[in-house]
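These notes are about the structure you will find just below.
The values are calculated or read from the model by the stated rules, or taken from the named source; none is laboratory data. The structure displayed is predicted, hence computed values, not measured ones. Positions of Cβ are backbone-derived with ideal geometry, glycine not excepted, and every protein chain shown enters the neighbour counts.
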Amino acid sequence: MASVDNGTPGIARAPRWYEREVQGRPIPGRPLRLLILHWDRHPTAREVYRRHIVERGHHVDWFEQRPGDRISVQCSREGNLRTFYFDFPELDGQGTSTLRILRNRTLKLRGFVTKWLHVFRVSRSSSPDYVQARDNTTEAFIAWSVARITRRRFAYQIDYWHPEASLYSAGLRGAVSARTRWRAAWHRSLRDWLLARADVAFVISDAMRDHYVERGLEPARLHVFPVGTTQDFEVAFSRRDRIRRDLGAGDAPVVAYLGSLDPLRRPRQVFDVLAGVVRRRPDVRLMLLSREMENARSLVTEYGLEANVLSLADLPHAEIAKHLPAADVGIFPLAEDDPYGIIRVASPLKIVEYMSCGVVPVSSANPEVREIVALSGAGVVSTDDTRSFVDACVSLLEDPARLRAMARRGRDFVSEFKSCRALADLVLRAYQAHEHSD
């Protein structure tokens, strides 16, 4: 088996990004005011800002979009947290192509202007220390322009290379159209242009930071803000025995796959691995927690795995922690042949969610996964072929003492360095580093 496996006991060492961000930097001594434009349901930033940073006495104005019958803005307040909901109707799917495009573009323009004006008014009245956006280039343009006009600092958080991912996914489905290439090039150029103008830039990993440093961005403005686990995952392992009993796992070993089954995740490799483990260990039960349930059920039937399935569910993120601790090993194949570097710069959320729940990960390599496994002593980084994945899973399942030790070390590592609680302190230190800059 060709793999990297750190099974040595001992105290976990801090990741490189954690040492750099924390060393010698105090947490701000005064309450900060932050204005955040957030556009999806990704859990890390939501938990960091809406819970932990607010609980530390800082003020957060949080903007997010939701479906609505008409364009409008609603506001709710809870302590130091104000949430502004931008209600936006569904785009028109009726009529001729030209009329539909005109109606949709008019609707988008009205939505953009409404949102810009509201962000501007809030920024002017509340005088935030930072106006910040995450990933989405339209939101980031609003944040940058409002910050410059109201003389606030602009912060930009990059979690994922969405333009590159759109090209990769399109290529997996067939020929990439000129329109897809143009849109990806435009959004990538705008993203990098805005990132170069950010007073504070948060990137998802050391690999992404290195990428932008090599392209001339000032290292002092680049801060690593990786993914982390929410409190639901931190306490999940304490319910393991009850969860296994409720699911009917008995004493059987359980192998899990958590995540998408879209083409970028190579679903057939996932099922090749699961089927290979079942052939070697017919007593293994399988847990599949995925957003693509129709695809998952079809592949379970095709591979003849129905009798081994313990749980097959599409769950809201908050519910995953009520199932995942039943597993012993979690697999996470990654597209190492990704031509755009998306996987290389990623900070895989599923790995730390596995570890937080006491599930030992077996993963393809990316720089952050390699670092986590090496520093924590928890998990296996496998080569990309199916046989190596299967060998790694079976080896862990046949050594329960080693499996338990890795599970404990993984939970300790995530709690100390990758919990949202720990990341909130790290982010506040990053803001503090720019407190007295021009």
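Asp135 satisfies every condition listed in (1) surrounded by fewer than 14 Cβ atoms within 10 Å (Cβ to Cβ); (2) touching a residue at least 60 places away in the same chain (Cβ under 8 Å) except (1).
Inspect all residues belonging to region 16-34 and state whether any of them is at pLDDT 90 or above, more than 19 Å from Ala433 (Cβ to Cβ) and either surrounded by fewer than 16 Cβ atoms within 10 Å (Cβ to Cβ) or touching a Gly at 6+ places or on another chain (Cβ under 7 Å) (or both). Scanning region 16-34, I find no residue that is at pLDDT 90 or above, more than 19 Å from Ala433 (Cβ to Cβ) and either surrounded by fewer than 16 Cβ atoms within 10 Å (Cβ to Cβ) or touching a Gly at 6+ places or on another chain (Cβ under 7 Å) (or both), so the answer is no.
Put simply, of Glu416, Glu435, Glu353 the only residue that is touching a strand residue (DSSP E or B) at 6+ places or on another chain (Cβ under 7 Å), under 28 Å from Tyr49 (Cα atoms) and acidic (Asp, Glu) is Glu353.
Only residues that are touching a Pro at 6+ places or on another chain (Cβ under 8 Å) and part of a loop (DSSP other than H, G, I, E, B) were counted in region 362-382, giving 5. Pairing each residue of region 9-36 that is in the same structural domain as Ala147 (by TED's automatic domain parsing) with any residue that is buried (at least 16 other Cβ atoms within 10 Å of the Cβ) and modelled with pLDDT under 85, provided the two are 6+ apart or on different chains, yields no C-beta distance under 8 Å.
The sole residue among Phe63, Phe84, Phe88 that is aromatic (Phe, Trp, Tyr), at pLDDT below 95 and closer than 29 Å to Arg188 by Cα is Phe88. Looking for something among the acidic types (Asp, Glu), surrounded by fewer than 11 Cβ atoms within 10 Å (Cβ to Cβ) and more than 21 Å from Arg51 (Cα to Cα) - is there at least one such residue anywhere in region 77-86? No, the conditions are met nowhere in region 77-86. Within region 365-388, being charged (D, E, K, R) and under 21 Å from the mean Cα position of the chain (by Cα) holds for Glu368, Arg370, Glu371. When Ser395, Ser388 are screened for being at pLDDT 95 or above, more than 21 Å from Glu19 (Cβ to Cβ), in a helix (DSSP H, G or I) and not hydrophobic (A, V, I, L, M, F, W, C), only Ser395 passes. If the condition is being surrounded by fewer than 24 Cβ atoms within 10 Å (Cβ to Cβ) and either free of Cβ contacts under 8 Å to residues at least 12 places away in the same chain or polar (S, T, N, Q) (or both), then region 338-365 contributes only Ser364. When the residues of region 389-416 are filtered to those that are under 21 Å from the mean Cα position of the chain (by Cα) and surrounded by fewer than 24 Cβ atoms within 10 Å (Cβ to Cβ), which remaining residue is farthest from Val284 (Cα to Cα)? Going through the qualifying residues, I end up with Glu416. Selection over region 50-82 of residues that are under 23 Å from the mean Cα position of the chain (by Cα) and free of Cβ contacts under 8 Å to residues at least 24 places away in the same chain gives a count of 3. Look at Leu109 and say whether it is part of a helix (DSSP H, G or I) and touching a helix residue (DSSP H, G or I) at 6+ places or on another chain (Cβ under 7 Å). Answer is no for this residue. Per the listing Pro89, Pro67, Pro128, the residue uniquely in the same structural domain as Asp40 (by TED's automatic domain parsing), surrounded by fewer than 13 Cβ atoms within 10 Å (Cβ to Cβ) and not aromatic (Phe, Trp, Tyr) is Pro67. Taking the residues in region 122-164 that are closer than 29 Å to Arg179 by Cα and assigned to a loop (DSSP other than H, G, I, E, B) as candidates, determine which candidate is farthest from the chain's Cα centre (by Cα). Restricting to residues being closer than 29 Å to Arg179 by Cα and assigned to a loop (DSSP other than H, G, I, E, B), the top hit is Asn136. Of the residues Leu310, Leu289, Leu315, Leu305, the single one that is in contact with a strand residue (DSSP E or B) (Cβ under 8 Å, 6 or more places away or on another chain), closer than 18 Å to Leu396 by Cβ and among the hydrophobic types (A, V, I, L, M, F, W, C) is Leu310. Across region 305-334, the qualifying residues are those that are of a type in the set (Gly, Ala, Ser), touching a residue at least 24 places away in the same chain (Cβ under 8 Å) and out of contact with any Lys or Arg (no Cβ under 6 Å at 6 or more places or on another chain), and the one among them that is surrounded by the most Cβ atoms within 10 Å (Cβ to Cβ) is Ala327.
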